[in-house]
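Only one structure is covered here, and it is reproduced in the block below.
The values are calculated or read from the model by the stated rules, or taken from the named source; none is laboratory data. These numbers come from a predicted model, not from an experiment. Here the Cβ positions follow ideal geometry from the backbone for every residue, glycine too, while neighbour counts run over all protein chains shown. Accessible surface is based on the protein model in full, side chains and every heavy atom, while ligands, DNA and RNA are left aside. Shrake-Rupley method; radii C 1.70, N 1.55, O 1.52, S 1.80 Å.
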Amino acid sequence: FSASYNITIVVIYIYSIIVFYIFRCRFNKNWLTFDTLFLLGFTIVHFQVPLLASLGIEPERPNYVWINKNVVNFATWMSCLSIVLWMWGFLFYLEKSKKKRYNQNVRITKIELNFVKYDNILLVFFILFVGLVGRTFFSGVYDGGDSWGGGAVYIYLILKSILYLRIIYFFSDFAKRSTKKSLNEIILYLFYNKIFFFVLTLYFCLFLFAGDRGPVLQISLIIGASYAIFLKSISLRRLCMFV
């Protein structure tokens, strides 16, 4: 393991990220997109531990994290090479499809839904989930599986899917109805959809009180991505503030 070698690779990676976004922002000013989230996750998984170790900050459980520290030099180099190739491919794709304006002027298929019925179904599945998951959920057992019981796991998958879709439908429908698209109008329209607002709020509180931040972060990302696609692009400054 070479600290200087890994730091050099990380510096090359950071430089590549800067160059990538210089070119990428020519196509799209929105920062809350697939490529940003992907690169954020890739950076954490592939470069965080090698960089910290190069600075003298070793993992608390080295045998679990490293597996084999003798291959880290090669692994960090290969991660950097792989992601640079991915950046090239992504930029070539944007160049090829620049007439379509990546993530702008998105053609949304018209979907006519009875939101009252949809929200009632959403509420029913939420009640079923709370009823089936039981008290174990509130004691901090939020990883699903046998601890929840098979019924609660399946109901949760359905609940999560229809809630995610409902968020997307909400922003899509709001974009067609509103002209100003201000935050106050979004909040007012959210209050107008009372059952959806009620379930969404309880869903947030339920998982936060149980100690699970994962579903809350997932909902937050879907809300942010839906806002960026249907209403207004999110700048780098605003994204940093949200993070």
**Prompt:** How many residues are of a type in the set (Gly, Ala, Ser) and either touching a strand residue (DSSP E or B) at 6+ places or on another chain (Cβ under 7 Å) or within 26 Å of Lys29 (Cα to Cα) (or both) when one looks only at segment 206-233?
**Reply:** 6
**Message:** Condition (residue is open to solvent by 80 Å² or more (accessible area, probe 1.4 Å) and touching a residue at least 12 places away in the same chain (Cβ under 8 Å)) applied to segment 201-217: is it met by at least one residue?
**Reply:** yes
**Number of positions in segment 3-19 that are surrounded by 17 or more Cβ atoms within 10 Å (Cβ to Cβ) and either free of Cβ contacts under 8 Å to residues at least 12 places away in the same chain or among the hydroxyl-bearing types (Ser, Thr, Tyr) (or both)** = 1
**Item:** Qualifying positions in segment 20-55 - loosely packed, with under 15 Cβ neighbours inside 10 Å and touching a residue at least 12 places away in the same chain (Cβ under 8 Å)
**Value:** Phe23, Lys29, Leu37, Leu55
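Determine, yes or no, whether Tyr154 is more than 18 Å from the chain's Cα centre (by Cα) and modelled with pLDDT of 85 or more. Walk me through how you get there before you give the answer.
Values: more than 18 Å from the chain's Cα centre (by Cα): yes; modelled with pLDDT of 85 or more: yes.
Yes; evaluated as a whole, the condition is true for this residue.
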**Residue identified as at negative phi, open to solvent by 90 Å² or more (accessible area, probe 1.4 Å), at pLDDT below 75 and outside any loop (DSSP other than H, G, I, E, B) among Lys99, Lys110** = Lys99
